[in-house]
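Down below is the structure, laid out as structure tokens.
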Amino acid sequence: MAVDAAASVEIRGALLRLRRSTGLPVAFGGLVEPGRPRVRISELNGTATESLSRLAVTAGNGLGGKAVALARPCAVTDYSASRQITHEYDAAVAVEGLRSVLAVPVVVRRRVRGVLYGALRTAQPLGDRTLTAAVEAARDVEQALVVRDEVRGLLEAARVETAPVETPPVDRGADWERVRDAHTALRALAPRIGDPALRAELLDACGLLAEDPARAPSGVRLAPRELDVLACVAAGSTNAVTGERLGLRVETVRSYLRSAMRKLGTHTRGEAVVAARRAGLLP
């Protein structure tokens, strides 16, 4: 598996936020290389040289490698003089003129996926506020990666469910329920995706899941949020649960639901779901 370019974008954004929130002059980081116990430094922010660019940090070595091995934040006040770490990368660090450095691992489902660094060019302790900000930046990346992993898993499930088969099953009840569950989850995730390309791919998959050749095409059109709400309702969610899943207030959920019911010519939640399915809007 190649290094995830979209995940690198998340690292880049986290480094920018880290510098803004702490005032640290330098921040850098990268992702664990697939199949290898090392981090490749790919993102630099505030550096004066290219000495750290593309540096491969092996688990256990240096400050970042220690953070990877222990899966917890680590910091040193004077990098080159520290006895708490090994010194394979002293030359690159010295060229950049770094002294005080912290490293925070990005951990997703108990697996280290990357490391964020923050640094000073003077030897002075990095306080709790700085460490807390670095941990928060790493948590932001972790949450983004969790969402991306969920999306990719659901997209793969959607492709499997919609793949053509030579002999369609006569009773597809259980399979079709899985399709509906995947559709609901995908629509709930879509608004949380910052990457436009990934969000578009996800919504395309939703369209594929809703397609059924046995149904006649319909001229009914619902807004994306109306479809999101109906998908949750179809899965049995209350208005309150739907609001939590979609990040909406209950009043807003009710408004979207009323609008969808009006467009579908229905008067109840159940009728709206049935009509949406007949119209090919929901699986």
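A short reminder: the numbers here are calculations on the coordinates, not readings from a lab. All of these numbers come straight from a predicted model, not from anything done at the bench. Glycine also receives a Cβ, built like all others from the backbone with ideal geometry; neighbour counts cover every protein chain displayed.
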message: How far apart, in nanometres, would the label points at E201 and S53 be if each is projected 7 angstrom from Cα along the Cα-to-Cβ direction?
response: 2.7 nm
- request: Along Cα→Cβ, 7 Å out, is where each label goes; now give me the distance between the ones at Q143 and V241 in nm to one decimal.
  value: 2.3 nm
field: Phi to ³J(HN,Hα) by Karplus 6.51 cos²θ - 1.76 cosθ + 1.60 over the stretch 134-143, Hz, x for Gly, Pro
entry: 5, 5, 5, 5, 5, 5, 4, 5, 4, 5
- prompt: Where a ≥ b ≥ c are the square roots of the eigenvalues of the C-alpha gyration tensor, would you call the stretch 5-146 rounded, which needs a/c under 1.5, or, failing that, prolate if a/b is larger than b/c, or oblate?
  reply: rounded
- line: Proxy exposure order for R258, R111, R245, R225 (fewest C-beta within 10 Å first) is R111, R258, R225, R245
message: I'd like the distance separating the alpha-carbon centroids of the stretch 25-97 and the stretch 240-283, in whole Å.
response: 50 Å
